[in-house]
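**Student:** Structure in structure tokens, see below.
Taken together, the values in this text are just the output of simple stated rules run on the coordinates, not laboratory data. All of these numbers come straight from a predicted model, not from anything done at the bench. Quick reminder, even Gly has a Cβ in these numbers, built from the backbone with ideal geometry, and neighbours come from all protein chains shown.
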Amino acid sequence: MRFYVRAAEFLKGTMSISLRYYLFPSDGNPLRLSHRLVEGLISGRDFLPEYAGTRQTAVTAVVATEEGKPTRLVRTEGAIWEFDEDGGIREGLQRALGLAMSSISPSWETDQTVVALRPKLDQKQYDAEFRWEPGQAEIDLMVADIWPKKKTDRLKVTKGVTKRKPPLTYDARHAINEISSLFWKISNAIEQLKEPSQKGFGFEARERSRYDPDYAPLYRAIAEMSEWQLEVQSRRRTGKGIWYAVVEVMNWQDNVGEAAERHYERCQNRNQAVIAARRLLAQHAEKFGDYITVEAELMTDLEWEKRAYPD
């Protein structure tokens, strides 16, 4: 009967669900995390440098609310966050997603008596590296934070390093959208130039930045774009310099792909990168599926750094 009453309250709009986020550091006091911080950590826009290079336990508390006030703790979901050298968790989350996807048995497996070894091993690795269940002590701390009886019950709220952005007014949004709508024309025009023209373009842009002070920053910007493109063109023509062989396992849904895994090798030239890409493709070909592709790409270190991939 209680369930039906709760369901009726939810349908009437008097009850809703909210999320609370907590971090339980291995060598510190438990912390409450704001929604903005968690969203920033997940998207890669925010960091917690004090936990760089560590693995920490985190909990999402699902709380039922009525008229904006918490009424009961519905459930908790524990996880292990793997912080990179900058204090970010995005790379670790992507690795966890890759293991979770690999742990799913192939849809084409029809023999129920056959147990696929790889998915079971990946599930075991995923559980060991990224799953964690909070104990009663952690739950009690969260409950006290949600329904404090005294001031000290409230957990400290930690902050990331990203500054709170100022409000974007309508005029500001319109202006930046108007300006950025032409960016693709600029980059496309520069990319279409061949090396001799690229050299002349970059030189002329630098010259104009000296004689046209009103637009000097813009001329310098397109000169830098041209010089970068010229170096990439030279690398692609000669095959010299550092190259990367990259293979991505892409998860596709509604014609939108997201990289679940990224594997790469740093090579001394393009020929070595070609060989490395073939080897990586062979190693990960078994992950190809109905909605999963395995794609290879070669790129210079300039392009690698531009995409902000880890080295």
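**Student:** Applying the selection to segment 132-159, what residues are in contact (Cβ under 8 Å) with a residue 12 or more places away in the chain and of a type in the set (Val, Ile, Thr)?
**Tutor:** Ile139, Val143, Ile146, Val157, Thr158, listed by residue number.
**Student:** Quick one: Leu168 ticks every box in (1) aliphatic (A, V, I, L, M); (2) under 24 Å from Arg75 (Cα atoms); (3) assigned to a loop (DSSP other than H, G, I, E, B) except a single one, so which number is it?
**Tutor:** In the conditions (1) aliphatic (A, V, I, L, M); (2) under 24 Å from Arg75 (Cα atoms); (3) assigned to a loop (DSSP other than H, G, I, E, B), Leu168 misses (2) alone.
**Student:** Quickly run through segment 265-295 and pick out the residues that are touching a helix residue (DSSP H, G or I) at 6+ places or on another chain (Cβ under 8 Å), surrounded by 14 or more Cβ atoms within 10 Å (Cβ to Cβ) and under 17 Å from Leu99 (Cα atoms).
**Tutor:** Selection gives Lys287, Ile292, Val294.
**Student:** State the number of residues belonging to segment 281-311 that are of a type in the set (A, V, I, L, M) and more than 21 Å from Glu227 (Cα to Cα).
**Tutor:** Total meeting the criteria: 6.
**Student:** Among the residues of segment 261-292, how many are in contact with a Lys or Arg (Cβ under 9 Å, 6 or more places away or on another chain) and within 22 Å of Glu91 (Cα to Cα)?
**Tutor:** Counting residues in segment 261-292 that are in contact with a Lys or Arg (Cβ under 9 Å, 6 or more places away or on another chain) and within 22 Å of Glu91 (Cα to Cα) gives 2.
**Student:** For segment 37-87, give me each residue that is in contact (Cβ under 8 Å) with a residue 24 or more places away in the chain, in a helix (DSSP H, G or I) and of a type outside the set (Asp, Glu).
**Tutor:** Of everything in segment 37-87, those that are in contact (Cβ under 8 Å) with a residue 24 or more places away in the chain, in a helix (DSSP H, G or I) and of a type outside the set (Asp, Glu) turn out to be Leu37, Gly40, Leu41, Ile42, Ser43, Pro49, Tyr51.
**Student:** Could you tell me which residue of segment 229-264 is surrounded by the fewest Cβ atoms within 10 Å (Cβ to Cβ), considering only residues that are without any contact (Cβ under 8 Å) to a residue 40 or more places away in the chain and in contact with a Leu (Cβ under 8 Å, 6 or more places away or on another chain)?
**Tutor:** His263
**Student:** Please indicate, with yes or no, whether at least one residue in segment 194-211 is within 30 Å of Glu91 (Cα to Cα) and surrounded by 15 or more Cβ atoms within 10 Å (Cβ to Cβ).
**Tutor:** no
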